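The values are calculated or read from the model by the stated rules, or taken from the named source; none is laboratory data. It should be emphasised that the depicted structure is a prediction, and the values quoted were computed from it without experimental measurement. Note: ideal-geometry Cβ built from the backbone for every residue, glycine included; neighbour counts use all protein chains shown. Ligands, DNA and RNA are stripped out before the accessible areas are found, and what is left, the full protein with its side chains, is counted by its heavy atoms. Shrake-Rupley method; radii C 1.70, N 1.55, O 1.52, S 1.80 Å.
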Amino acid sequence: MAIILDGTKLSNKINKKTKNEIESLGISPNLVAVQVGENPESSLYISHKSKKSVEVGIVLSHLKFDEAIDTKTLIKEINKLNKDSSVDGIMIQLPLPNHIDTKLICQSISPQKDVDGFHPLNKGLLDINKADLIPPTAQGVIELLNEYNIPLAGKTVAIIGLGEIAGKPLAKIFVNNDATVLMCNKKTINIFKFTKEADIVVVAVGHKYLLDETQIKKGSIVINIGITKDEEGIHGDVVFESMLKKASYITPIIGGTGPMTVSLLLRNTLICRKLK
Ligand code: GUN
């Protein structure tokens with residue numbers, strides 16, 4: 001039976017550290033979460049982050065804009081936050097509506113307030129292994145593996161899904177840690193050829209049950225990032241129960257990489273405050 005990589009437990013530990021540091025510095029960092037439109041999932045994510053912020057002593061302000069806002073106007077609003085010295089961190093809740101240029105919006109955030117690590121400067125710093133602000137979901141996976149003393153150097157890692165939030169930054173971090181990374185995208189022919197070879201398999205697609213135990217080698221480490229919701233509930237990109245028998249370690253679908261993302265977002269807010 002695989003060992004469960006307990007993201008809830010580690011995230012509580014990280015939150016406690018963040019809280020202690022905030023208290024000992026006698027500060028109260030401010031994070032602004034920007035939402036465009038009324039996407040109910042985005043609202044839910046932000047309200048969850050808001051609850052966790054309170055627990056660690058971070059003040060989260062939820063700034064909502066009308067769905068119809070254009071890219072130029074949104075950039076002007078972000079510039080106001082960039083200039084506001086009371087704002088430590090800025091998070092743009094993704095996805096943005098289709099008519100908005102997400103890349104331009106991410107470029108408009110001050111790199112020192114970029115809690116998601118989406119600004120090109122922070123992406124470049126990650127390339128050279130010098131980033132202070134690393135995308136939380138990606139960093140969360142690495143810290144979870146570190147917590148269970150799983151070495152990365154020399155390991156073959158298959159990453160399915162190369163999005164900006166998780167897969168792509170994660171590939172860079174694995175490379176920085178001397179792993180061999182097989183980066184699979186939508187056009188990759190026969191992704192299972194790569195997953196069957198890998199010591200660590202990461203799936204960040206948002207495709208229900210994409211991977212089961214027949215597509216991994218025995219003893220591999222399985223990291224589920226993507227989730228999908230339907231009338232039956234929340235489902236992983238991997239079939240958790242079938243993987244349990246064959247993997248050596250696995251993240252649960254709920255309580256794995258999700259809580260780690262929130263903890264590292266909050267820790268990044270503290271880092272932003274300290275970068276001032
Ligand atoms: N939407 C889904 N996940 C994330 C995330 O990690 N950061 C942001 N900004 N938006 C998201």
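Between Asp178, Asp212, which is open to solvent by 70 Å² or more (accessible area, probe 1.4 Å), away from the ligand (no atom under 16 Å from the Cβ) and modelled with pLDDT of 95 or more?
Unique residue meeting the criteria: Asp178.
Is there a residue in segment 18-38 that is of a type outside the set (D, E, K, R), within 16 Å of the ligand (Cβ to nearest atom) and in a helix (DSSP H, G or I)?
No, every residue in segment 18-38 fails to be of a type outside the set (D, E, K, R), within 16 Å of the ligand (Cβ to nearest atom) and in a helix (DSSP H, G or I).
Identify, please: which residue in segment 181-209 is within 16 Å of the ligand (Cβ to nearest atom) and of a type outside the set (Gly, Ala, Ser) and is, among those, farthest from Gly124 (Cα to Cα)?
His207
Determine which member of the set Pro120, Pro111 is modelled with pLDDT of 95 or more, open to solvent by less than 60 Å² (accessible area, probe 1.4 Å), within 21 Å of the chain's Cα centre (by Cα) and not β-branched (Val, Ile, Thr).
Exactly one residue qualifies, and that residue is Pro111.
How many residues are within 16 Å of the ligand (Cβ to nearest atom) and more than 24 Å from Leu74 (Cβ to Cβ) when one looks only at segment 106-148?
Within segment 106-148, residues that are within 16 Å of the ligand (Cβ to nearest atom) and more than 24 Å from Leu74 (Cβ to Cβ) number 10.
Among Asn185, Asn190, Asn146, which is open to solvent by 40 Å² or more (accessible area, probe 1.4 Å) and within 21 Å of Ser11 (Cβ to Cβ)?
The unique qualifying residue is Asn146.
Looking at Ile78, Ile46, Ile90 in this structure, which one is among the β-branched types (Val, Ile, Thr), over 23 Å from Gly258 (Cβ atoms) and either within 15 Å of the ligand (Cβ to nearest atom) or assigned to a loop (DSSP other than H, G, I, E, B) (or both)?
Selected residue: Ile78, the only one of Ile78, Ile46, Ile90 that is among the β-branched types (Val, Ile, Thr), over 23 Å from Gly258 (Cβ atoms) and either within 15 Å of the ligand (Cβ to nearest atom) or assigned to a loop (DSSP other than H, G, I, E, B) (or both).
Yes or no: segment 227-238 includes at least one residue that is touching a helix residue (DSSP H, G or I) at 6+ places or on another chain (Cβ under 6 Å) and either surrounded by 23 or more Cβ atoms within 10 Å (Cβ to Cβ) or hydrophobic (A, V, I, L, M, F, W, C) (or both).
Within segment 227-238 (the criterion being touching a helix residue (DSSP H, G or I) at 6+ places or on another chain (Cβ under 6 Å) and either surrounded by 23 or more Cβ atoms within 10 Å (Cβ to Cβ) or hydrophobic (A, V, I, L, M, F, W, C) (or both)), the answer is no, since none of the residues qualifies.
What's the total number of residues in segment 93-105 that are within 13 Å of the ligand (Cβ to nearest atom) and of a type outside the set (A, V, I, L, M, F, W, C)?
Final tally of qualifying residues: 3.
Scan segment 239-251 residue by residue and report those that are at pLDDT below 95 and open to solvent by less than 30 Å² (accessible area, probe 1.4 Å).
Within segment 239-251, no residue meets the criteria.
Taking segment 153-169 only, how many residues are more than 16 Å from the ligand (Cβ to nearest atom), open to solvent by 10 Å² or more (accessible area, probe 1.4 Å) and of a type in the set (Gly, Ala, Ser)?
Number of matching residues: 2.
Can you name the residue in segment 252-276 that is open to solvent by 40 Å² or more (accessible area, probe 1.4 Å), more than 19 Å from Ile142 (Cβ to Cβ) and in a helix (DSSP H, G or I) and is also farthest from the ligand (Cβ to nearest atom) among such residues?
Among those residues, the one meeting the criterion is Lys274.
Quick check on segment 169-184. Is at least one of its residues outside any helix (DSSP H, G or I) and aromatic (Phe, Trp, Tyr)?
The answer is no, given that none of the residues of segment 169-184 is outside any helix (DSSP H, G or I) and aromatic (Phe, Trp, Tyr).
Take the residues in segment 215-226 that are crowded, with 17+ Cβ neighbours inside 10 Å and of a type in the set (Gly, Ala, Ser), then tell me which one is nearest to Tyr45 (Cα to Cα).
Looking at residues that are crowded, with 17+ Cβ neighbours inside 10 Å and of a type in the set (Gly, Ala, Ser), I get Gly226.
Would you check which residues across segment 93-134 are of a type in the set (A, V, I, L, M) and either within 15 Å of Val32 (Cα to Cα) or in a loop (DSSP other than H, G, I, E, B) (or both) and list them?
Leu94, Leu96, Ile100, Ile105, Ile109, Val115, Ile128, Ala131, Leu133, Ile134
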